[in-house]
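The structure appears below as structure tokens.
The values are calculated or read from the model by the stated rules, or taken from the named source; none is laboratory data. Keep in mind the model is a prediction, meaning the values are calculated, not measured. Here the Cβ is made from the backbone with ideal geometry for all residues, glycine too, and neighbour counts use every protein chain on show. Heavy atoms of the whole protein, side chains included, go into the accessibility calculation; ligands, DNA and RNA do not. Shrake-Rupley method; radii C 1.70, N 1.55, O 1.52, S 1.80 Å.
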Amino acid sequence: DEEQYHSLNSVLGEYMNPDAFCDDGKEYGIYNVYYDTDDNFLIRESLEKPYYKEKIRLRSYYSPAKENDNVYLEIKKKIGGIVTKRRVSMTLSEAEAYIQTRVKPYYERFIDQQVMKELDVFLNFYDSIAPRQYISYQREAFFGKEDGEFRLTFDRKITARRDDLSLGRESYGEQLILPDQRLMEIKVPGSIPMWLSNAMSELGIRRISFSKYGIAYKNHVRRQIEAAKQDIERKASYA
């Protein structure tokens, strides 16, 4: 909550540096469109917490993104608790065309060519891949002063919708957390530093499982169930 956030934030400056885009307490926006099959296989599989899971999304740091703005097509995988992410940059128009037609932009760098091959395999394996979920949020990020791989982020204003699924549209939709809440994520290759563990213990901050896409999808399913119940009740009242 707001009090825990400010109390923890006052400690971070001693051990962590702000992200280059977060000087003077600034945040930056992250805007995503998640792709899935017509039966939402990827997110349903992810919610089962398997040993291996993967997802694909298109990410922008602008809202709304223009056709010639650079965006990032990403594959994110989790294997036994270890998360990896591979991504390649292209314009919004190139990305949307590639998803629909598999026509790829040209890349000179070998790593970009390899990522495109991974994307080809992914998209060819799953049938009916299409935009299914929009999620955006405002992020504040920090990196460890002694360990650059140690990263901590705060996300707020987590916004989701299931229609109008283009990064070329403004950010709007339902809020997944309360206005005075932030989602904190700790990304560290080893154990959590003792200073952070102690601070979280003193402030009563506890670890939870929270998937932005997962929460948004479960909310969507609940709305579908409620709508179906109301439809049944409406029909029964006319019988």
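Annotations for the structure displayed:
- Among the residues of segment 28-48, those that are part of a helix (DSSP H, G or I) and either touching a Lys or Arg at 6+ places or on another chain (Cβ under 7 Å) or polar (S, T, N, Q) (or both) comprise LEU42, GLU45, SER46.
- Looking only at segment 63-112, residues that are more than 21 Å from the chain's Cα centre (by Cα), within 16 Å of PRO131 (Cβ to Cβ) and of a type in the set (A, V, I, L, M) come to 1 in all.
- Residue check, GLU170 of a type in the set (D, E, K, R), surrounded by fewer than 18 Cβ atoms within 10 Å (Cβ to Cβ) and modelled with pLDDT of 95 or more: yes
- Residues (assigned to a strand (DSSP E or B), at pLDDT 95 or above and of a type in the set (Phe, Trp, Tyr)) located in segment 49-91: TYR72
- When each of GLY13, GLY29 is tested for being small (Gly, Ala, Ser) and under 16 Å from the mean Cα position of the chain (by Cα), the lone residue that passes is GLY29.
- Filter result (open to solvent by less than 10 Å² (accessible area, probe 1.4 Å), free of Cβ contacts under 8 Å to residues at least 40 places away in the same chain and of a type in the set (Val, Ile, Thr)) within segment 70-100: VAL88
- Test: residue in segment 208-229 that is open to solvent by less than 90 Å² (accessible area, probe 1.4 Å), basic (Lys, Arg) and farther than 21 Å from SER46 by Cα: no
- Looking across segment 145-173, the residues that are among the charged types (D, E, K, R) and in contact with a helix residue (DSSP H, G or I) (Cβ under 7 Å, 6 or more places away or on another chain) come down to LYS145, ARG162.
- Qualifying residue in segment 149-161 (condition: within 21 Å of PRO18 (Cα to Cα), modelled with pLDDT under 95, under 22 Å from the mean Cα position of the chain (by Cα) and open to solvent by 70 Å² or more (accessible area, probe 1.4 Å)): yes
- Cβ pairs under 9 Å, 6+ apart, first in segment 37-54 and farther than 20 Å from THR84 by Cα, second aliphatic (A, V, I, L, M) and buried (at least 16 other Cβ atoms within 10 Å of the Cβ): THR37/ILE129; ASP38/ILE129
Residues are listed down the side, and each one gets a yes or a no for (1) over 20 Å from ARG59 (Cα atoms); (2) free of Cβ contacts under 8 Å to residues at least 12 places away in the same chain; (3) of a type in the set (S, T, N, Q):
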| residue | (1), (2), (3) |
| --- | --- |
| LEU119 | no, no, no |
| PHE125 | yes, yes, no |
| ILE129 | no, no, no |
| PHE154 | no, no, no |
| THR159 | no, no, yes |
| ARG162 | no, no, no |
